[in-house]
Amino acid sequence: MTPVIEASALTKLYGSARGVEELTFDVPQGEVFGFLGPNGAGKTTTIRTMLDFIRPTSGTIRLFGMDPRVDGVRVHARVGYLPGELALYQRLTGEEYLRTFASLRDGVEWSYVEDISERLLLDMTRRIKDLSHGNKQKVGLVQAFMHRPDLLVLDEPTQGLDPLVQQTFYSLLDEERGRGLTVFLSSHVMPEVERVCDRVAIVREGRLVAVEDIGRLKAHALRRLELHFDTPAPADSFAGLPSVREIHTHGDALSLSVEGPVDAVIKQAARFTVVNIETKEPSLEDLFLTYFGDDGSAPESDAPGNEGQGAMP
Amino acid sequence: MSGLLAKAMRDQRRGMIGWGVGVAAVVLMYAAFYPSIKESAADLQAYMENLPDAIRSIVAGEDYTSPVGYLESEFFNTMGALIVLIFTIGAGARSIAGEEESGTLDLLLSTPVRRRQVLATKATAIVGAAVALAVIAAVSITLFGPVFDLSVPLADIVAACVMLALLGLSFGGIAFAVGAATGRRAIADAAAGGLAVVTFIVHAIGPTVQWLRPLRPLSPFRWYQDPGLLTGGLHLRNVLVLTGIAVGSYVVAHVAFERRDLAS
């Protein structure tokens, strides 16, 4: 079966500035594909080539087996898009905006538009310029879902969404996935990707660093834990655990970098009196550390936070 | 597609209504001055003759105090042209470049519409708005003129207003094309507006400045005004030249916009 998205040596250069270079990846139908990287890594550039806003310098990108440049209309009919920097027509009300967009697409059921607007608690009667950032984002979401697309392209989708709306967004995603929806989701934060994606591409400075199943990514992700004890921290008891990558002690507290599940660490900690546990979401930085550590493309001594690594097993 | 056109028309409506009221007000004001101008015709004529040639060729035609001369000098060659040009150049620059700069073009083009459809509907809406302004001008002159003894045959008013719309569409087309090619509204405004000012001056003072004279045919104002807007009906060649500028600009916009990357 033809992949929904097929990038082959996709390259976009802007004069001397970097765009993306030699990106090759496939997204099969039904997958939620994360595109993870820091700002400026080329995520938006990649998305803009998919929608034919910009044209590749070399290489190709195909959606549903079609070239968006040639078959833009047929491609766009099947794609829902939520841009990272959402710009809407300020003078229209939400309803006017959505009706305009519904008229540009075939087969939009207005009852469905009303349904998802209600679920997102969007007040369609207000002018867009009077809406808060989060409410504008809702108009953008409804617009992206309204025609029940086969592919959703989301650029940093949950930026500015309040947690309640995020939950509605995730359940909408799940429902549409039931129909076979494919999703391309770019993000610079790990939790967003972890929550919904099946597979994740990691991009950095315009290049693909890795494409991984989310399971493997989680298994390798570095997690940072801080354990507070009622006695001077028993660092030695943790140094021998195979999942522990780094240990720092500050008095009664122990900072640990753990690769993969933290289970062994917690069980070891249970032998002592634990006053507090603080966890930090795995950051992109940590993720990159894992990858650049593995393939040796960045010397470990340059990576931040690696001092005091003598405690590594 | 119809939704696209409806949106484009709606975008132009506000501005068009505002400038339309302006056109009507200007016509009414100048018409109201006309009786006193006519009364002091002899004095004015003498005053005009004492002006330097260059100034006179800008502010007044040959026969300033006749209804035709007065309307041409005070409305069609100055204020009327100015209002229509401000509107069409602004609308042309805003169409693509404005929407691109504000970022709304992205979502619009993510729907199953072609870039060329967006161009076509936006251009159609501008043409519609320019025609509407010209109609407002024609109606205002026809209604207000006779009240103040400023009567010109209807056919001549219509002909002059057709030329007014075409003048607006040639410079509006240039703004549209520059905007579609660069995606920069300020550049589009400045290019078309600057060109309008320069070509207006070239045409206006051309007769008295030796070295400018050969450049006059390059000025759209030559093809707008000469040999007279309110006399002799439509001049086919003038219509063709101004239409050619507008259509040519549209073609340039089309070619440039289809090819380039959109700004993010």
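No value in this document is a laboratory result; all are computed from the given coordinates. Keep in mind that what you see is a predicted model, and the values were worked out from it rather than measured. Backbone-built Cβ (ideal geometry, glycine too); neighbour counts: all protein chains shown.
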*What is the spin-label model distance, in nm, from residue B:124 to residue A:239 if the labels are put 7 Å beyond Cα along the C-beta direction?*
7.8 nm
_Run through segment A:61-96 and list the GluC sites (Glu not before Pro) located in a DSSP loop whose Cβ has at most 14 other Cβ atoms within 10 Å._
A:85
*For segment A:205-284 and segment B:108-147, what is the separation of their C-alpha centers, rounded to whole Å?*
66 Å
*trypsin sites (Lys or Arg not before Pro), restricted to segment A:126-189: which are DSSP loop and have at most 12 other Cβ atoms within 10 Å?*
A:179
*asked:* I want the local charge near residue A:275. Using Cβ-Cβ distances under 12 Å, sum +1 for each Lys or Arg and -1 for each Asp or Glu among the other residues.
replied: -4
*Can you find, among B:77, B:105, B:21, the residue farthest towards the positive end of the dipole of the protein assembly as shown? Put +1 on the C-beta of Lys and Arg, -1 on that of Asp and Glu.*
B:77
*Select from A:153, A:104, A:60 the residue farthest towards the positive end of the dipole of chain A; place +1 on Cβ of Lys and Arg, -1 on Cβ of Asp and Glu, and compute about the Cα centre.*
A:104
*Kindly identify segment B:44-141 as rounded, prolate or oblate by the Cα gyration tensor criterion: order the square roots of the eigenvalues as a ≥ b ≥ c, call it rounded if a/c is under 1.5, otherwise compare a/b with b/c, prolate if a/b is larger, else oblate.*
prolate
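Among DSSP bridges having both ends in the protein assembly as shown, what percentage is antiparallel? Round to the nearest 5.
Percentage antiparallel, nearest 5: 70.
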*Which of the trypsin sites (Lys or Arg not before Pro) across segment A:1-106 are loop residues per DSSP, with 16 or fewer other Cβ within 10 Å?*
A:69, A:91
*With a point put 7 Å past each Cα toward its Cβ, work out how far residue B:49 is from residue A:70 in nm, to one decimal.*
7.6 nm
*Using 7 Å Cα-to-Cβ label points, what is the residue B:66/residue A:205 separation (nm, one decimal)?*
7.8 nm
*Cut-off 14 Å (backbone N to label point 7 Å along Cα→Cβ of residue B:258), residues of segment A:57-76*: A:69-72
*In the neighborhood of residue B:106, defined by Cβ-to-Cβ distances under 9 Å, what is the net charge if each Lys or Arg adds +1 and each Asp or Glu adds -1?*
-1
*To the nearest 20 debye, what is the magnitude of the charge dipole of segment B:87-144 about its Cα centre, counting +1 on the Cβ of each Lys and Arg and -1 on the Cβ of each Asp and Glu?*
220 debye
*asked:* Which of the three applies to chain A, rounded, prolate or oblate, going by the alpha-carbon gyration tensor with a ≥ b ≥ c and a/c under 1.5 meaning rounded?
replied: prolate
_Whole-angstrom gap from segment B:238-256 to segment A:28-43, using each part's C-alpha centre_ = 43 Å
*Pull out a ≥ b ≥ c, the square roots of the eigenvalues of the alpha-carbon gyration tensor of segment A:103-183, then state rounded if a/c is under 1.5, prolate if not and a/b is larger than b/c, and oblate in the remaining case.*
oblate
_Counting only other residues whose beta carbon sits under 14 Å from that of residue B:160, what net charge do I get with K and R as +1, D and E as -1?_
-4
*asked:* Over segment A:134-216, what is the relative contact order in percent, taking alpha-carbon pairs closer than 8 angstrom and at least six residues apart?
replied: 26 percent
_Exposed-loop-free span, longest in chain B, where trypsin sites (Lys or Arg not before Pro) count as exposed if DSSP calls them loop and at most 15 other C-beta atoms lie within 10 Å_ = B:115-259
*Within straight cross-link reach of residue A:218, meaning Cα distance under 26 Å, which lysines are found once same-chain residues fewer than 8 apart are removed?*
A:43, A:267, A:280
*In percent, how large is the relative contact order of chain A, given Cα pairs closer than 8 Å and 6 or more residues apart?*
19 percent
*Report the relative contact order of segment A:12-163, percent, no decimals, based on alpha-carbon pairs under 8 angstrom and at least 6 residues apart.*
25 percent
*Placing +1 at every Lys and Arg Cβ and -1 at every Asp and Glu Cβ, with all other atoms neutral, what dipole size does segment A:62-151 have around its Cα centre, in debye to the nearest 20?*
260 debye
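222 nm [θ] for the protein assembly as shown, helices only, -39500 (n - 2.57) per DSSP H run of 4+, per residue, to 500?
Working: 23 runs with 299 residues, N = 577.
About -16500 deg cm²/dmol.
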